[in-house]
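Colleague: Before I ask anything, let me first share the structure, which is written out below as structure tokens.
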Amino acid sequence: MRYLYKIYHEIPVTDFHEIHQKRFKFDTTIRLGLSIKPMKQPHSYELYYVPTNKMLEMVSKIHLISNSFLQTFQILPTVAQKQFINECLVEELYNTNQLEGIRSTREEIARSAKEVKLNKKTKTRFASMIKSYLRLLNNDIELPESAKDIRAIYDEITNGEIEQQELPDGEVFRKEITYILKKSGTGKVIHQGITPEKEIIHKTEQLLRFMNDNDEIPALIRVAIGHYYFGYIHPFYDGNGRTSRFISSIYLSKVLGNIASLSLSRGSNKYKNKYLDIFEITNSIKSRGEMNCFIETFLRIIIDTLVQMNAELKEKSELLSIAAQKIDVEPKLANKEELHKDIMLILAQNHFFDSSMGLTIKELAAIVSKSEATIRKIVRDLIAMSLIEQKGERPAYYCMKQEYFEI
């Protein structure tokens, strides 16, 4: 089925109106009870989509890839699992910042995440956002049920990153109108968030009822629709994208599991032009409320990102398996206690699954439940045998030598 917007310029307006009405009234059409009013014209349109084989195949494929991803993850050693999750977290936060034009580096986010996990009292950038995603990963976050829940999520996700003049000035959301400009830099207004605040609250709570009480529509399709409609409402002056992607990740986690839910910002940034274009297309009068283009593009972004994440995980898992076999028969460790091999295997997991400098004595001691003095002695042995190396001081990090895996 061709998307409605694609035939807008091909036929007279009266014929186009007739095609829209026919589609809207198909027996198979799912009418959503959510309405939009495209800019610069007086009419409102109810959102709808026509279920297609393509759409259902995409939903099925996402579940298959997600299950395969989970199976590969579950056979990893514990340290590799934790470090892979951390890498996914850093990647997700970095990409959501990129989409919003917020300057950050993966190293900065990784450093902040480590400080948050260690409960350091120092002021850490993105600490509140990191804590929110950690709660998501720990199944410690509930689905939002009210406009005030949305505001609470926004406050946590954006804490310290929004200019004072851009903070919400209404009872829950913004009071004034806000405009969305085309990202190309032309200054063209492509959407304006709805007003007044009373209507923002009404539509937000209408959206939450749709998301939470509508089991007839497949969950992944609901997430796509909800993601679009939040962007349409645009309840805040700034930070809508970050908030929307986090909320969508909460819903995705209930369907695909926590780690797979950390795919949305990564995919949205990688396919940034597609991601931004589908909002503009769906907001347009050319679509008349048809959601097929948005839903299918959203699902395609999730599929392509999960395929990439799955491929990365399988490759790292294989490399770790090869390294483990080599460590197990390492001749230099023939007369050493088993803990030497354990430490090397932990550092191998760190090497393949974490982009950080390595692990400290304190971290290694905590992983193997041994004293720091014991670990320090073993680390000295391994360095003397040229199997691992030290980087930096105070704190000193220990890691595998790159060449060890290549000989």
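Throughout, read-outs are computed from the coordinates displayed, never taken from laboratory work. The shown structure was predicted, so the numbers you read here are calculated from the model rather than taken from an experiment. Cβ coordinates were reconstructed from backbone atoms using ideal geometry, including for glycine residues, and neighbour counts include every protein chain displayed.
Colleague: Quick check: Cα centre of the stretch 72-104 to Cα centre of the stretch 319-339, how many Å?
Modeller: Result: 28 Å between the Cα centres.
Colleague: How high is the relative contact order of the stretch 329-406, in percent, counting Cα pairs under 8 Å that sit 6 or more residues apart? Walk me through the numbers before you get to the answer.
Modeller: Working: 72 pairs, mean separation 24.6, N = 78.
Rounded, it is 32 percent for the stretch 329-406.
Colleague: Now, a different point. Residue by residue, what Karplus-based ³J(HN,Hα) values in Hz, rounded to whole numbers, does the stretch 51-62 have, using 6.51, -1.76 and 1.60 with θ = phi - 60° and x for Gly and Pro?
Modeller: x, 10, 4, 4, 5, 5, 5, 5, 4, 4, 5, 4
Colleague: If you don't mind, there's one more thing I want to ask. Connecting C-alpha atoms closer than 10 Å in a GNM of the chain, tell me which of Tyr179, Tyr237, Tyr94 has the biggest fluctuation.
Modeller: Tyr179
Colleague: Which percent of the Cα-Cα distances in the stretch 1-140 go past 27 Å?
Modeller: When all Cα pairs of the stretch 1-140 are counted, 53 percent exceed 27 Å.
Colleague: Only Cα pairs within less than 10 Å get springs; with that Gaussian network setup on the chain, which residue of Val307, Val13, Val90 has the largest fluctuation?
Modeller: Val13
Colleague: If you count the DSSP beta bridges with both ends in the chain, what percent of them are antiparallel, to the nearest 5?
Modeller: 90
Colleague: Spelling out what I want: for every residue of the stretch 137-148, take phi, set θ = phi - 60°, compute 6.51 cos²θ - 1.76 cosθ + 1.60 (Karplus), and round to whole Hz; glycine and proline get x.
Modeller: Couplings: 5, 9, 6, 10, 9, 9, 5, x, 10, 8, 4, 5 Hz.
Colleague: May I pose another question? Name the residue farthest towards the positive end of the dipole of the stretch 12-53 from the options Ser35, Tyr48, His17, assuming +1 on Cβ of Lys and Arg, -1 on Cβ of Asp and Glu, about the Cα centre.
Modeller: Ser35
Colleague: When the dipole is taken about the Cα centre of the stretch 27-311, and only Lys, Arg (+1) and Asp, Glu (-1) are charged at their Cβ, what size is it in debye, to the nearest 20?
Modeller: Rounded to the nearest 20 debye, it is 700 debye.
Colleague: Another one. On alpha-carbon atoms, Rg over Rh for the stretch 209-314 using Kirkwood Rh? All intermediate terms of the calculation are to be shown ahead of the outcome.
Modeller: Values: Rg = 13.6 Å, Rh = 14.2 Å.
That ratio is 0.95, to two decimals.
Colleague: Next up: Scaled to the compact-protein estimate 2.2 N^0.38 Å, what is the alpha-carbon radius of gyration of the stretch 168-253, rounded to two decimal places?
Modeller: So the Cα radius of gyration is 1.14 times the expected 2.2 N^0.38 Å.
Colleague: Where a Cα-Cα gap under 19 Å defines reach, which aspartates and glutamates qualify for Lys22, not counting those fewer than 8 residues away within the same chain?
Modeller: Cα-Cα hits under 19 Å: Glu10, Glu46, Glu290.
Colleague: Could you list Cys293, Cys88 in order of exposure, starting from the residue whose Cβ has the fewest other Cβ atoms within 10 Å?
Modeller: Final ranking by Cβ density, sparse to dense: Cys293, Cys88.
Colleague: 222 nm [θ] for the chain, helices only, -39500 (n - 2.57) per DSSP H run of 4+, per residue, to 500? Kindly include the intermediate steps, with their values, before the conclusion.
Modeller: Values: 15 runs with 234 residues, N = 407.
Taken over the chain, the calculation gives -19000 deg cm²/dmol.
Colleague: Rounded to the nearest angstrom and ordered from largest down, what semi-axes does the equivalent ellipsoid of the stretch 58-167 get from its C-alpha gyration tensor (root of 5λ)?
Modeller: The answer is 26, 19, 14 Å, longest axis first.
Colleague: With θ set to phi - 60° and the Karplus curve 6.51 cos²θ - 1.76 cosθ + 1.60, what are the ³J(HN,Hα) couplings of the stretch 306-317 in order, to the nearest whole Hz, using x for Gly and Pro?
Modeller: 5, 4, 5, 4, 5, 5, 4, 5, 5, 5, 5, 4
Colleague: In a Gaussian network model over the chain where Cα atoms closer than 10 Å are linked, find which of Tyr45, Tyr232, Tyr133 has the largest mean-square fluctuation.
Modeller: Tyr45
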